[in-house]
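The block underneath contains the structure these notes are about, expressed in structure tokens.
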Amino acid sequence: MKFTFDWLKKHLATDADIETIGAKLTALGLEVEGIEDRAKELAAFTVAYVTEAKPHPNADKLRVCMVDTGNGIVQVVCGAPNARTGMKGVFAAAGTRIPGTGLELKKGVIRGVESNGMLCSAREMGLGDDHDGIIDLPADAPVGAPFAKAMGLDDPVLDIAITPDRADCLGVHGIARDLAAAGAGKLVPFDRSPVAGSFESPVKWRIDLASDSAGDPTACPYVAGRYFRGLKNGPSPQWLQERLLAIGLRPISALVDITNFVTHDLGRPLHVFDAKKLAGDLTMRFAKPGEKLLALDGREYTLDPSMTVIADSKALHGIGGIMGGEASGCTEATTEMFLEVALFDASRTARSGRALGIESDARYRFERGLDPQSAIWGPEVAARLVLELCGGEASEVVTAGRLPDWQRRISFRPARVAALGGVAIAGDEMLAILRALGFVVTPSRAARGETFDIDVPSWRHDVEGEADIVEEVVRVAGYDRIPAVSLPRLSALPEPAVTPAQKRASMAKRLLATRGLMEAVTWSFMPADAARLFGGGDLMLANPISADLDAMRPSILPNLLTAAQRNAARGFGDVGLFEVGPQYADATPNGQSLVAAGLRVGASGQRHWQHKPRAVDAFDAKGDALALLASLGAPVDNLQVTTDAPGWYHPGQSGVLRLGPNAIASFGALHPRVLKALDVKGPAVAFELFLDRVPEPRAKGTARPVLKASPYQAVERDFAFVVDRDVAADKLLRAAKGADKALIRQVSIFDLFEGASIGEGRKSLAIAVTLQADDRTLTDEEIEAVAAKIVAAVKKATGAELRG
């Protein structure tokens with residue numbers, strides 16, 4: 001919402017400066033986005049008088065002008081065809097920056113003649129596109145005066161942000177009302193008194209909005225209008241053109257400019273029809289299927305039956321609340337005009353505007369809700385301006401429909417301001433604020449003066465309950481009056497703000513980054529063909545942002561593989577990537593999972609003269625998954641490994657980490673079929689860890705337990721067991737570790753052997769077992785006893801035999 005400072009002062013009697021008004025607006029919730037002060041921008045430009053203009057001795061198209069700047073005579077070489085003796089123009093001295101071109105003036109010599117400064121055109125001043133000649137100022141412009149002041153350009157323009165609920169501030173008068181309530185001045189009421197009509201309008205309004213299933217009488221509940229004849233529609237007066245130009249609107253003609261002015265001045269959109277182009281009465285109705293309208297913006301729109309239109313007996317003339325038609329638009333030849341002042345349904349106007357792609361000042365206001373009473377005073381305000389600027393005579397007002405019920409009464413308890421707003425405000429100040437905002441306040445008899453009945457004004461659609469009244473009081477009184485109060489302390493130390501489960505995503509990112517993987521952030525969508533490779537492709541988007549992003553991702557890995565392929569195409573074949581984010585199994589809320597996925601492609605190390613890089617394998621992915629689980633506090637020692645990984649993993653080089661029946665993570669080499677489909681070369685291994693399935697660690701004390709390192713020597717014994725080839729190594733390790741939980745500290749595999757000497761279908765697994773006690777050095781007898789337990793436990797669990 002833009003307006004000038006002088007425009008505001010037509011509605012607000014105030015002595016405050018522009019900075020004070022700007023600060024007050026922001027404090028009221030009408031945030032000032034910018035203040036454009038053209039006087040400051042144009043301060044270097046002054047009015048100058050050309051005392052003499054003679055031809056340049058060395059150039060036919062140039063003139064040498066002697067210019068009186070008010071501080072002396074300077075010589076300026078000028079190429080403008082309208083430069084002449086006796087004219088007044090805009091002078092810029094050397095050293096001035098020209099806003100239209102961005103150039104900085106310097107003293108110079110042009111074709112052998114010295115030039116000091118410039119006489120400027122409108123384009124060079126940034127005031128228009130005219131650059132055929134220099135600005136020709138009126139003869140009464142004072143020499144030496146600031147150009148901006150002489151031309152009325154010294155009025156700052158304010159640009160404020162209006163929230164959707166404050167439709168009452170989409171006019172300068174509404175903004176002035178808020179400022180007056182906040183003590184920034186006194187509100188100047190506008191003249192809404194009736195303008196007498198001298199004849200009966202030959203054009204009437206009709207409303208034909210059926211209330212059946214296809215219609216809605218609230219689409220246009222009320223419309224008013226009046227007929228004008230004997231008009232002279234020419235250019236608007238200077239004051240009106242300046243205000244429109246200041247807010248970025250192009251003056252067209254007096255009749256059209258009046259509608260734009262009232263829209264921004266009072267927040268009341270209007271529309272004018274050339275009455276001689278109408279065929280009888282005007283009707284508010286719904287559009288017919290496929291009906292078209294050539295609008296005022298020069299574009300043709302195809303309408304549908306959900307849209308409200310204005311039509312006569314022959315043709316359409318406007319889209320209700322959005323834009324009028326070109327065929328009945330007013331021109332300078334218009335002598336008879338019919339005025340529209342209507343109320344349109346906000347939701348229907350918004351839907352129609354979005355469907356047609358039309359952004360207009362009228363739509364912007366109608367879809368936020370208009371003051372119903374404006375349909376009563378709107379014809380009077382418009383008539384007064386039309387008669388003043390265009391002459392002629394006005395008809396009596398004609399109407400159709402009835403005004404919607406807008407009256408609302410709210411019971412208000414002043415004590416609620418302190419309870420809800422947190423600030424103590426005197427009762428008299430509260431009531432003064434509410435009355436200044438237009439609320440009618442009367443004491444409630446039932447409560448003996450402790451409660452007030454508040455009648456909400458017609459322009460405040462957003463005020464619906466007592467809390468809204470409290471907000472108005474606190475807003476105008478000033479949010480800065482709310483004291484800063486600390487929250488009550490519930491314990492000696494603050495409780496954690498997030499739970500361990502909520503911290504998992506950030507912890508996972510940090511851990512994976514420390515393992516040399518780089519974080520990637522990819523779309524939650526992917527091509528359907530890629531999704532099918534990973535068990536998806538059924539969860540399709542109805543309106544994808546791109547043709548190749550038409551399916552929700554069933555796994556993060558396809559996007560990581562695509563990123564790895566792009567890196568390889570640019571010469572970076574060995575990459576490690578990870579992403580923590582959602583993936584989608586189905587359309588239900590339970591179908592979304594938070595997953596940490598990692599991918600390694602190529603070699604695990606850089607080229608080096610001492611050793612060759614090793615190709616990544618399934619154990620790299622397993623190591624990443626186990627390290628992440630350990631950092632999250634998962635019981636890693638209790639995990640089991642199964643070989644039923646999803647189909648996008650290599651069936652012989654993959655596995656699933658389970659805790660009981662729950663699959664927590666999958667890992668392994670990716671299937672060659674998948675790599676070929678996504679054009680990824682080289683070995684690729686990955687893991688997918690479901691963060692939501694990781695159990696939270698058991699609650700422990702607030703302090704970390706003291707480290708109790710045993711001072712006694714540890715003993716390491718090796719065992720080689722011969723087992724069937726299909727026996728999992730993990731099963732053997734678990735059996736060995738459980739043989740004596742008090743003395744066995746660690747068990748690990750260090751060798752695998754298969755060969756004819758072992759036997760067909762057999763393998764040898766060698767394990768290293770570390771034994772240690774906390775209170776003594778182990779004797780040979782104790783070590784042998786534990787060794788016997790290990791052999792017995794392994795044999796029982798796996799059928800193993802000690803290798804001879």
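The values are calculated or read from the model by the stated rules, or taken from the named source; none is laboratory data. From a predicted model like this one, the values you see are computed outputs, not experimental measurements. Positions of Cβ are generated from backbone atoms using ideal geometry, with glycine treated the same way; all protein chains shown enter the neighbour counts. Each accessible area value is taken on the protein alone, full model and side chains, heavy atoms only, with ligands, DNA and RNA left out. Shrake-Rupley method; radii C 1.70, N 1.55, O 1.52, S 1.80 Å.
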_Considering only protein heavy atoms and a probe of 1.4 Å, how much of the accessible area of the stretch 351-404 is carbon and sulfur, as a whole percent?_
46 percent
*With only Lys, Arg, Asp and Glu charged, each at its Cβ (+1 for the first two, -1 for the last two), find how big the charge dipole of the stretch 384-530 is about the Cα centre; round to the nearest 20 debye.*
940 debye
*How would you rank 761-772, 468-479, highest first, on the average number of other Cβ atoms within 10 Å across their residues?*
468-479, 761-772
*Once every Cα of the stretch 745-792 carries one equal point scatterer and solvent is ignored, give the base-10 log of I(q)/I(0) from the Debye formula at q = 0.18, 0.28, 0.30 Å⁻¹, two decimals.*
-0.71, -1.06, -1.11
*Run the accessible area of the stretch 619-748 with a 1.4 Å probe and give the carbon-and-sulfur part as a rounded percent.*
53 percent
*Which of (1) 44, 34, 27; (2) 78, 38, 31; (3) 64, 33, 25 is the computed semi-axes √(5λ) of the Cα gyration tensor in Å for the structure on display?*
(2)
*Given labels modelled 7 Å from the Cα in the Cβ direction, how far is it in nm from K314 to A569?*
6.1 nm
*Name the residues of the stretch 238-259 whose amide N is less than 20 Å from a point 7 angstrom out from the Cα of A333 along the C-beta direction?*
252-257
*Estimated FRET transfer efficiency when R0 is 51 angstrom, pair K741-W523 (beta carbons, to 0.05)*: 0.55
_Normalised radius of gyration for the stretch 413-549, please: alpha carbon Rg relative to 2.2 N^0.38 Å, two decimal places._
1.94
_At 1.4 Å probe radius, can you tell me the per residue accessible area of the stretch 288-343 in Å²?_
41 Å²
*Do me a favour and compute the ellipsoid semi-axes for the stretch 639-746 from its Cα gyration tensor, root of five times each eigenvalue, largest one first, whole Å.*
35, 22, 14
*When we measure straight from the Cα of K40, which aspartates and glutamates land under 19 angstrom away, once same-chain ones fewer than 8 places off are left out?*
D6, D17, E19, E104, E124, D154, D155, D159, E242
*Which value, in Å², gives the accessible area per residue of the stretch 17-138 when a 1.4 Å probe is used on the protein heavy atoms?*
53 Å²
*Work out, step by step, the length gained on full extension between A787 and R84: first 0.36 nm times the residue separation, then minus their alpha carbon distance; give nm to one decimal.*
241.5 nm
*Rounded if a/c under 1.5, otherwise prolate or oblate - the stretch 683-804, Cα gyration tensor axes*: oblate
_Inter-probe distance in nm under a simple model that places probes 7 Å from Cα toward Cβ, at K503 and Q373_ = 5.9 nm
*Between A394 and residues 5 or more places away or on another chain, which pairs have amide H atoms under 5 Å apart, with H built 1.01 Å from N, and which residues are they?*
S198
*Check cross-link reach from K276 to the lysines: straight Cα distance under 17 Å, and skip same-chain residues fewer than eight apart.*
K204, K232, K314
_Alpha carbon centroid spacing (whole Å) that separates the stretch 584-649 from the stretch 71-109_ = 73 Å
*aspartates and glutamates within cross-link reach of K503: Cα-Cα under 20 Å, excluding same-chain residues under 8 positions apart?*
E495, E519, E579, D624, E688, D692, E696
*May I have the pair-distance distribution P(r) for the stretch 232-314, computed from all Cα-Cα distances with 5 Å bins from 0 and rounded to whole percent?*
3, 12, 18, 19, 18, 14, 11, 5, 1
*Residues of the stretch 479-534: accessible area per residue at 1.4 Å, in Å²?*
77 Å²
*When you count, for each residue, the other Cβ atoms within 10 Å and take the mean per peptide, how do 56-65, 746-755 rank with the highest first?*
56-65, 746-755
*Per residue, what volume in Å³ does the convex hull of the Cα atoms of the stretch 620-694 enclose?*
88 Å³
_Using a 1.4 Å probe on the protein heavy atoms, what percent of the accessible area of the stretch 1-41 belongs to carbon and sulfur?_
44 percent
